[in-house]
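What follows is a short report on a single structure.
The values are calculated or read from the model by the stated rules, or taken from the named source; none is laboratory data. Remember, predicted model here, so these are calculated numbers, not experimental data. With ideal geometry, Cβ positions are generated from the backbone for all residues, glycine too; neighbour counts draw on all protein chains shown.
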């Protein structure tokens, strides 16, 4: 047996966890069961009492508090009111205490965990930082004292002290004790924040240069946007189609590399409804910056409705421009890369477009998904996302209008 | 093994064959083998690359100053950050530290020059060559853009099709060979050329740390070289070492790169620790507190640094057990580092502190480096790393280590040693301005990056969405970078100004106590008129205080260690260091072979074990004949010496003929490097062994030629011959391993 798996498939070998909800069915609604795979101990603290500063408590039935709330840009269609990352802002949601949000807004995403796993890591980070600040304070105090007390004021040379064995041993052992403490916290947090998945993935994310392909167990396919039901922990398989990428949604927990030739899996869960922004965290080539992903957490009912909608074939429209657009899509090179269920299937080197109009962003986060932006994108994707694999197809303006009309029907 | 007869203190000048004193004019700088001039060449060249790397840094910061910026296009941005990282590590920090080592190690140990002055010149000239190769990529289709650690498969041809990555590989190979040669030189110098009385426990800490760094270079760089060679074979010969689709392993590259990469962090840090350990005592008027602990903790760091590489790979998902093990190792390495910090503070404690610019940078180092070290501790807590790695938090972390640590150490050392190198003092007023602008600029640039990381900003993005606070923090960072840039300009102005009309420094402007201050500033070509007696760790202090303290007082570092028992021959020391380095290279190639072929014996069925076995016997026998040749030389039997030498060369040639015919057979049967992972690993391993045998044959050929030219007449000893002999035996031993693993295992 290898000491550590150099290239072994990510067969994680820890004892399976026994927390109840992990084996619960995907769509099961478990009211009040946020923190389902939380480890016992201090993590539970937040769940039980609601850590008011960091994690606003959202009971079931409370209004959905999306993490990112966008301003509705003028002139857009009436699709869900969550703008692309270009325009999102952390804003206190209705009913939330603004002061309570100060810490997360200032200190940010990692100290604003929205899942049990992320919370464990945030706690570990906080604890480690406290230790670090104490040590730093000690060093600064010692150096400052030395600077103030021992400045050269003339006079004879100081005592030529060459060392002190006892002191040396003391300041070797003291860090050992501190580090033992941190190590203990680390070991505890490793399995608490990243429990070993006990089943095959509920959905698989396949990273491509520079977008995310998403397949659900149910057969639903989407891209650059993951929908999950709140309060349920899903197992996400992470794979790569080309180079190494990294799946990371900071508020929801650890990042994991998507490595060609192997598959990893992690838990994904959100306490409360909202849109959580993630990104590829491993440098993967020219458009690494615009390989963003959104996790949309919604109530189990909404999620079920979304999944049902996504499983359906593409809508057809009787509007002539949309029909012309559908025809163009099948005729031109689009179908070589993109699939639309019912109008060209099988291709996956570009995102599946069957329910394109449902998505919030274009080009893995580079633009908000609106008819205007879509038209601009079709005109010249290389201008908006230079180097991406979508070529400038030299469409005429009428062709673009037909495409936009068609894609807008794909809900 | 070491029955050397060279005197303890070697007369470097004698062996160089020409007199330094006559060196004049620009060409003399090209032809120089004087360690001081080579040191200055290293430093000046580094400054040029520092300018390039610094401008790249400013371009990065301009692009990131505000969200969704279009100042640079993404491909250019990616090339720039790749070049910035590669340049700063390989073309700025490493050569700067080597430059200081070159200049000061011989002076501090009371030697006339490095052990191998010509090798030293070669090491230097490989550095501008490597730098030129790397930058030539700009004219050959674009700079590399896969990041400074060129993760496979992004760095493989399908995803990086321009030649940038090939130039990156070649440049790093050239620089790697130069660094290893330089490190071997430092090892041989420190072991063999110390002045009488300079026991290993009395050498200045800068020398100690440089020595340990040299050992790290000798052991770590070949790992990188091995991996680079395989990546190059992937790219140029279409093999699949690091490509999943051909059966190769993507993650193997990361293991190899970081096995080099983490020791590399200490290669960049240890010499700076050494500089701080010189500067703080001198400006505190006290000896270093706990010399043994500062030196010993360096050894601990060096050893541990080879066992923590996978903490760079926590996000890769190696499994919890591996993550916990490497987290533990990483925390361990913090302990010897912490010991040093406390020792430096204790050195200041109770001293009389003089706040020269040099001392200011040294004290700032203590604070800034601790910040980098402590954020390192947060990374050792693996789950925190799962969140924070590959974000701006890690960018902040390693810049606090590399700038707050190494750069501040280098600046402290420059203000400290510039007077020795130039004879002129640097301007203290400009120096203080340089110091404060650097402190402000540096912390402004990098401290806010911690927050950016916590906010979730990934590193290596050419732009970012307009999320709350991102724009502001990035703008602060960019302004800070320009303040730093201004500070660097002040530094350069200070140097230029002081070289022309700085205050004369005198021999020892700081009342320092190590040997470099016992000679003129700048030192004359042969360094010392007379090396002062060394009876403790601070020879000049001892000299000045001898009458006051009485001559019988016990001096520090008195006991001898194994390194003092016998004088060592520099050629033998050098070749052992070389063998260690080569062994690391072959270990990587052998490991790769084993890793890919452990489970598949069938692939090796195409090998003819019997025939190769016969040829192998020739090679093994050549070690024996070479031994007879050495014996004959020692006995004064010149014809026997020549005869056995010829026999050795013939046996080696027969072996090479065997390998060539084996290759011929394999090629005609349709097998080549890119056929399968077996052939890739087989040809790479045996090919590199063959190359080493060929080089050995060339060296033996030169010895034979010298023998016929009468060079060995009346000599019963030749360290060169002995050194080449050791190398030849090593090559044979490698073949025993290769033959056993590649061929014999197949038969069993």
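Residue count for the range A:186-195 under the criterion of being buried (at least 19 other Cβ atoms within 10 Å of the Cβ) and in contact (Cβ under 8 Å) with a residue 40 or more places away in the chain: the result is 6. In the set (1) in a helix (DSSP H, G or I); (2) over 30 Å from residue A:281 (Cβ atoms), the condition left unmet by residue B:477 is number (2). The single residue among B:327, B:315, B:310, B:302 that is under 23 Å from the mean Cα position of the chain (by Cα), more than 30 Å from residue B:426 (Cα to Cα), facing chain A (nearest Cβ under 10 Å) and in contact (Cβ under 8 Å) with a residue 40 or more places away in the chain turns out to be B:310.
Only one entry in B:428, B:368 is out of contact with any strand residue (DSSP E or B) (no Cβ under 7 Å at 6 or more places or on another chain) and over 18 Å from residue B:266 (Cα atoms), namely B:428. The set of residues in the range B:330-343 that are more than 7 Å from chain A (Cβ to nearest Cβ) and under 25 Å from the mean Cα position of the chain (by Cα) comprises B:330, B:332, B:333, B:336, B:337, B:340. Scan the range B:501-531 for residues that are over 23 Å from residue B:412 (Cβ atoms), over 31 Å from the mean Cα position of the chain (by Cα) and part of a loop (DSSP other than H, G, I, E, B) and the total you get is 2.
Within the range B:433-467, being within 24 Å of residue A:287 (Cβ to Cβ) and facing another protein chain (nearest Cβ under 7 Å) holds for B:455, B:456, B:458, B:460, B:461, B:462, B:463, B:464, B:465, B:466, B:467.
Does the range A:346-354 contain at least one residue that is in contact with a strand residue (DSSP E or B) (Cβ under 6 Å, 6 or more places away or on another chain) and either buried (at least 19 other Cβ atoms within 10 Å of the Cβ) or within 19 Å of residue A:273 (Cα to Cα) (or both)? Yes - at least one qualifying residue is present in the range A:346-354. Only a single criterion out of (1) modelled with pLDDT of 95 or more; (2) facing chain A (nearest Cβ under 7 Å); (3) not in a helix (DSSP H, G or I) is not satisfied by residue B:355, namely (2).
Step by step: first the residues of the range B:484-503, then only those that are closer than 20 Å to residue B:400 by Cβ and surrounded by 19 or more Cβ atoms within 10 Å (Cβ to Cβ), then the one that is farthest from the other protein chains (Cβ to nearest Cβ). Which residue is that? Here the answer is B:488.
Of all residues being more than 26 Å from the chain's Cα centre (by Cα) and assigned to a helix (DSSP H, G or I) in the range B:220-249, which is farthest from residue B:585 (Cα to Cα)? Just the residue, please. Among residues in the range B:220-249 that are more than 26 Å from the chain's Cα centre (by Cα) and assigned to a helix (DSSP H, G or I), the one farthest from residue B:585 (Cα to Cα) is B:245. Tell me, please, whether a residue that is more than 19 Å from residue B:365 (Cα to Cα), over 30 Å from the mean Cα position of the chain (by Cα) and not in a helix (DSSP H, G or I) can be found in the range B:432-454. So far as the range B:432-454 goes, no, none of its residues is more than 19 Å from residue B:365 (Cα to Cα), over 30 Å from the mean Cα position of the chain (by Cα) and not in a helix (DSSP H, G or I). Elements of the type helices (runs of 4 or more DSSP H) sitting completely within the range B:35-136 and holding at least 3 residues that are modelled with pLDDT of 95 or more and closer than 25 Å to residue B:496 by Cβ: these cover B:35-64, B:94-108, B:117-136.
Which residues, taken from the range A:175-202, are under 26 Å from residue A:264 (Cα atoms) and within 8 Å of chain B (Cβ to nearest Cβ)? If the condition is that a residue be under 26 Å from residue A:264 (Cα atoms) and within 8 Å of chain B (Cβ to nearest Cβ), then A:183, A:185, A:186, A:187, A:189, A:190, A:191, A:193, A:194, A:196 are the ones that fit. In the condition set (1) closer than 15 Å to residue B:348 by Cα; (2) within 13 Å of another protein chain (Cβ to nearest Cβ); (3) out of contact with any strand residue (DSSP E or B) (no Cβ under 8 Å at 6 or more places or on another chain), residue B:283 is compliant with all but (3). For residue A:145, the conditions (1) surrounded by 15 or more Cβ atoms within 10 Å (Cβ to Cβ); (2) closer than 27 Å to residue B:369 by Cα all hold with the exception of (1). Please pick out the residue among B:677, B:695, B:650, B:691 that is touching a residue at least 40 places away in the same chain (Cβ under 8 Å) and not assigned by TED's automatic domain parsing to the domain that holds residue B:227. None of the other options fit; the residue is B:677. Among the numbered conditions (1) buried (at least 21 other Cβ atoms within 10 Å of the Cβ); (2) part of a helix (DSSP H, G or I); (3) touching a strand residue (DSSP E or B) at 6+ places or on another chain (Cβ under 7 Å), the only one that residue B:387 does not meet is (3).
Within the range A:381-400, restricting attention to residues that are without any contact (Cβ under 8 Å) to a residue 60 or more places away in the chain and surrounded by 16 or more Cβ atoms within 10 Å (Cβ to Cβ), the residue that is nearest to the other protein chains (Cβ to nearest Cβ) is A:384.
Screening the range A:203-299 for strands (runs of 3 or more DSSP E) wholly inside it with 1 or more residues that are surrounded by 24 or more Cβ atoms within 10 Å (Cβ to Cβ) and within 14 Å of another protein chain (Cβ to nearest Cβ) returns the ranges A:203-208, A:234-240, A:245-248, A:256-258, A:264-268, A:274-280, A:292-298.
Scanning the range B:235-261 for residues being in contact (Cβ under 8 Å) with a residue 40 or more places away in the chain, closer than 19 Å to residue B:672 by Cβ and within 14 Å of chain A (Cβ to nearest Cβ) gives a total of 7.
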